[in-house]
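Some notes on the structure that comes next.
The values are calculated or read from the model by the stated rules, or taken from the named source; none is laboratory data. Treat the numbers as computed from the prediction; the structure is a model and nothing was measured. Cβ placement follows ideal geometry from the backbone for every residue including glycine, while neighbour counts extend to all protein chains displayed. Please note that ligands, DNA and RNA were not included when accessible areas were found on the heavy atoms of the full protein model with its side chains. Shrake-Rupley method; radii C 1.70, N 1.55, O 1.52, S 1.80 Å.
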Amino acid sequence: MNDPTMIAEWMNKQVWLLGSEPEIEWRQAQEEGFDTTWLEPEFGHLIRQMKEGARTVEWHRAVGELLERVQRAPMVHGYEYVEPSEYLEIVEECACWSVPAFKGEVLPKLHGGLLGRIIGCMLGKPFEGWRRHEIQIWNEECGNWPLVGYCPRPSSSQLEAIRAAGGRTELGWADGWTRERLASAVEDDDINYTIAGFDIVRKYGPSFRPVDVAEYWCANLPLFMMCTAERVAYRNFTLSVLPPDSATFRNPYREWIGAQIRADAFGYLNPGQPLRAAEWAWRDASISHIKNGIYGEMWVAAMLAIAYVESSFETIIDTALSYVPSSSRFTADIRAVLEGYRTGRSYEEMVQMVHDKWDETSAHGWCHTISNAQLVAIALLYGSNDFTRTISTAVMPGFDTDCNGATAGSVWGVVNGVDAIPSSWSAPLNDRGLSHLLNYREFRISELAELMAELASSIR
């Protein structure tokens, strides 16, 4: 049926698939340095229509065409950042510091990274989309602040106290993931992509191409289990818009966090080889992201590769940053975190610095690569090499809580190994995990770690 009303209703429900978010594109284009002055009246008109509820089929079409025009816009004069998206151009802007060769046993560290990632994800998952004060109110009233365990289920009296304090009064879709009900790692994109990265290398080999990643997604991942840039890129693949164009065609989320959470397998599989880890991460990221969206994945992959041979989180963060363009917004903002740490600023001051720059009530600020990368760096620096404190300080500030808990837990786990992770965190998961991937719907975490370690050892 070609009913225009039905079509418009469906399109309005699938904004993230269509990329029809002119406010986000307006800010994204300005941050990238595009000169969009000549497009301002059209942006303003479409944004007003959106706020008035006039998102018709024609409106979606106009937004899509506007997004295409942004890609043809010139850069503003004097833009201060140098942010290429092509790999060889990226490398030209990087220092790429060397690290010692890894000579130890892969499995304990890789298993630690994988388990740490899954635990951090499960800690943050119930609070995804919550504001910082909402996370604090819920957990304070339940006796879990600072966070020392999975999300608690409040009693009736605690729920009344939460309501009186102005907090959220229900978990909604996360109701089954409290510490009282959690019995395994549940499905999540942070877990999906970690398994996918491993399976891509296993299937296509170390020379896998960006188009192989695109093919793998279409064959193994459901479209609606993907978000923002990944969902738009997936749509683009089905329209025969292939990498690298799939990252920019009508994609206002091209610098959001999606690629950053896909890095882990490429770090796990490259012990002590951050350059190769970062290059693999680029191949993966370039199908859906550009510039700082790519750099986030390269940085995390490099951190994990370095974590096999370095125990100082400050050194890991700093060294991995050498695999990111030095004149990028990403580098400038991670350097600001390092500088604050080195000059003695407190954890609370650093978290506030991120909140002052990035608006957690804005989807763009909440889900951007850089805001969340900063919080990961803060957690690793201020976590005092304590697992609980590290993943908790990644989740407590809000923003993309499950992603940040997962990444911080992953780096910590590789540094310290699986035996250092407290059983109070691992035992509730019963070594079990679920994913949306076709051939990994259910898995044993330890068995998956063994498969990854075997692959890593075979390609060293």
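Regarding Pro146, is this residue open to solvent by 70 Å² or more (accessible area, probe 1.4 Å) and either out of contact with any strand residue (DSSP E or B) (no Cβ under 7 Å at 6 or more places or on another chain) or part of a helix (DSSP H, G or I) (or both)? Outline the logic, then answer.
Details: open to solvent by 70 Å² or more (accessible area, probe 1.4 Å): yes; either out of contact with any strand residue (DSSP E or B) (no Cβ under 7 Å at 6 or more places or on another chain) or part of a helix (DSSP H, G or I) (or both): yes.
Yes.
Considering only residues that are in contact with a Ser or Thr (Cβ under 7 Å, 6 or more places away or on another chain) and of a type in the set (Phe, Trp, Tyr), which ones fall in the range 202-258?
Listed by number, the residues that qualify are Phe237, Tyr253, Trp256.
Looking only at helices (runs of 4 or more DSSP H) that lie completely in the range 1-96, which have at least 3 residues being open to solvent by less than 50 Å² (accessible area, probe 1.4 Å) and aliphatic (A, V, I, L, M)?
Working: elements: 4-13, 15-18, 22-32, 40-51, 57-71, 87-92.
The qualifying helices (runs of 4 or more DSSP H) are 15-18, 40-51, 57-71.
So which residues in the range 308-321 are surrounded by 24 or more Cβ atoms within 10 Å (Cβ to Cβ) and not hydrophobic (A, V, I, L, M, F, W, C), if there are any at all?
Residue satisfying the conditions is Tyr308 alone.
So is Leu375 under 26 Å from Thr178 (Cβ atoms) and either in contact with a Leu (Cβ under 7 Å, 6 or more places away or on another chain) or not in a helix (DSSP H, G or I) (or both) or not?
Numbers: under 26 Å from Thr178 (Cβ atoms): yes; either in contact with a Leu (Cβ under 7 Å, 6 or more places away or on another chain) or not in a helix (DSSP H, G or I) (or both): no.
Against the criterion (under 26 Å from Thr178 (Cβ atoms) and either in contact with a Leu (Cβ under 7 Å, 6 or more places away or on another chain) or not in a helix (DSSP H, G or I) (or both)), Leu375 does not qualify.
Of the numbered conditions (1) part of a loop (DSSP other than H, G, I, E, B); (2) open to solvent by 20 Å² or more (accessible area, probe 1.4 Å), Tyr341 fails exactly one; give the number of that condition.
Exception for Tyr341: condition (1).
For the subset of the range 378-387 comprising residues that are in contact (Cβ under 8 Å) with a residue 40 or more places away in the chain and outside any helix (DSSP H, G or I), which member is farthest from Glu128 (Cα to Cα)? Walk me through how you get there before you give the answer.
Initial filter on the range 378-387 (in contact (Cβ under 8 Å) with a residue 40 or more places away in the chain): 378, 380-383, 385, 387.
Checking the rest, the ones that are also outside any helix (DSSP H, G or I) come to 383, 385.
Numbers: Gly383: 21, Asn385: 24 Å.
Ranking the candidates gives Asn385 first.
Going through the range 278-307 one residue at a time, which ones are open to solvent by 10 Å² or more (accessible area, probe 1.4 Å), assigned to a helix (DSSP H, G or I) and of a type outside the set (D, E, K, R)?
Trp282
Show the residue pairs that are 6+ apart or on different chains and have beta-carbon atoms under 6 Å apart, the first residue being within the range 421-437 and in contact (Cβ under 8 Å) with a residue 60 or more places away in the chain and open to solvent by 30 Å² or more (accessible area, probe 1.4 Å), the second being among the charged types (D, E, K, R) and part of a loop (DSSP other than H, G, I, E, B).
So the pair list comes out as Leu434/Glu187; His436/Glu187.
Can you say whether Thr194 is in contact (Cβ under 8 Å) with a residue 40 or more places away in the chain and on the phi < 0 side of the Ramachandran plot, as far as the supplied structure shows?
Details: in contact (Cβ under 8 Å) with a residue 40 or more places away in the chain: yes; on the phi < 0 side of the Ramachandran plot: yes.
In short, yes.
Determine the pairs where a residue that is aromatic (Phe, Trp, Tyr), located within the range 52-76, has a partner that is assigned to a helix (DSSP H, G or I) with Cβ atoms under 8 Å apart, the partner being 6 or more residues away or on another chain.
If the second residue must be assigned to a helix (DSSP H, G or I), the pairs left are Trp59/Leu46; Trp59/Gln49; Trp59/Met50.
Here is a list of conditions, (1) open to solvent by less than 30 Å² (accessible area, probe 1.4 Å); (2) in contact (Cβ under 8 Å) with a residue 60 or more places away in the chain; (3) assigned to a helix (DSSP H, G or I), and Leu275 meets all of them except one; can you say which number that is?
(1)
Does the range 368-393 hold any residues that are open to solvent by 10 Å² or more (accessible area, probe 1.4 Å) and of a type outside the set (S, T, N, Q), and which are they?
Those that are open to solvent by 10 Å² or more (accessible area, probe 1.4 Å) and of a type outside the set (S, T, N, Q): Leu381, Tyr382, Asp386, Arg389.
Answer with yes or no whether Arg181 is open to solvent by 50 Å² or more (accessible area, probe 1.4 Å), of a type in the set (D, E, K, R) and touching an Asp or Glu at 6+ places or on another chain (Cβ under 9 Å).
On the way: open to solvent by 50 Å² or more (accessible area, probe 1.4 Å): yes; of a type in the set (D, E, K, R): yes; touching an Asp or Glu at 6+ places or on another chain (Cβ under 9 Å): yes.
For Arg181, the condition - open to solvent by 50 Å² or more (accessible area, probe 1.4 Å), of a type in the set (D, E, K, R) and touching an Asp or Glu at 6+ places or on another chain (Cβ under 9 Å) - is met.
Cβ contacts < 6 Å: first residue in contact (Cβ under 8 Å) with a residue 12 or more places away in the chain and over 20 Å from Glu52 (Cβ atoms), restricted to the range 15-36; second residue open to solvent by 40 Å² or more (accessible area, probe 1.4 Å) and among the hydrophobic types (A, V, I, L, M, F, W, C), any location; separation 6+ or different chain. Result?
The qualifying pairs are Gly33/Met75; Gly33/Val76; Asp35/Val76.
Working only within the range 192-214, note down all residues that are crowded, with 17+ Cβ neighbours inside 10 Å and out of contact with any helix residue (DSSP H, G or I) (no Cβ under 6 Å at 6 or more places or on another chain). Lay out the reasoning, then the answer.
So the first thing to find is which residues in the range 192-214 are crowded, with 17+ Cβ neighbours inside 10 Å, and the list is 192-202, 208, 210, 212-214.
Those that are crowded, with 17+ Cβ neighbours inside 10 Å and out of contact with any helix residue (DSSP H, G or I) (no Cβ under 6 Å at 6 or more places or on another chain): Asn192, Ile195, Ala196, Asp199, Val201.
Taking the range 308-342 on its own, how many of its residues are under 20 Å from the mean Cα position of the chain (by Cα), among the charged types (D, E, K, R) and farther than 18 Å from Thr407 by Cα?
Matching residues across the range 308-342 total 2.
Give the number of residues within the range 253-270 that are touching a Lys or Arg at 6+ places or on another chain (Cβ under 7 Å) and of a type outside the set (D, E, K, R). Let's see the steps before the verdict.
So in the range 253-270, the residues touching a Lys or Arg at 6+ places or on another chain (Cβ under 7 Å) come out as 255, 264, 270.
Subsequent filtering for residues that are of a type outside the set (D, E, K, R) retains 270.
Number satisfying all stated conditions: 1.
If you take the residues of the range 126-136 that are in a helix (DSSP H, G or I) and open to solvent by less than 10 Å² (accessible area, probe 1.4 Å), which of them is farthest from Glu187 (Cα to Cα)? Spell out how you get there, then give the answer.
Residues of the range 126-136 that are in a helix (DSSP H, G or I), as a first pass: 126-127, 132-136.
Still in the running and open to solvent by less than 10 Å² (accessible area, probe 1.4 Å): 126-127, 135.
Details: Pro126: 12, Phe127: 15, Ile135: 22 Å.
Among them, the one singled out is Ile135.
Kindly establish whether Asp245 is without any contact (Cβ under 8 Å) to a residue 24 or more places away in the chain and closer than 30 Å to Arg69 by Cβ. Quick ask: steps written out before the conclusion?
Details: without any contact (Cβ under 8 Å) to a residue 24 or more places away in the chain: yes; closer than 30 Å to Arg69 by Cβ: yes.
Criteria met by Asp245.
Looking at (1) touching a residue at least 60 places away in the same chain (Cβ under 8 Å); (2) polar (S, T, N, Q); (3) open to solvent by 10 Å² or more (accessible area, probe 1.4 Å), which is the only condition Thr238 fails?
Status for Thr238: all satisfied but (1).
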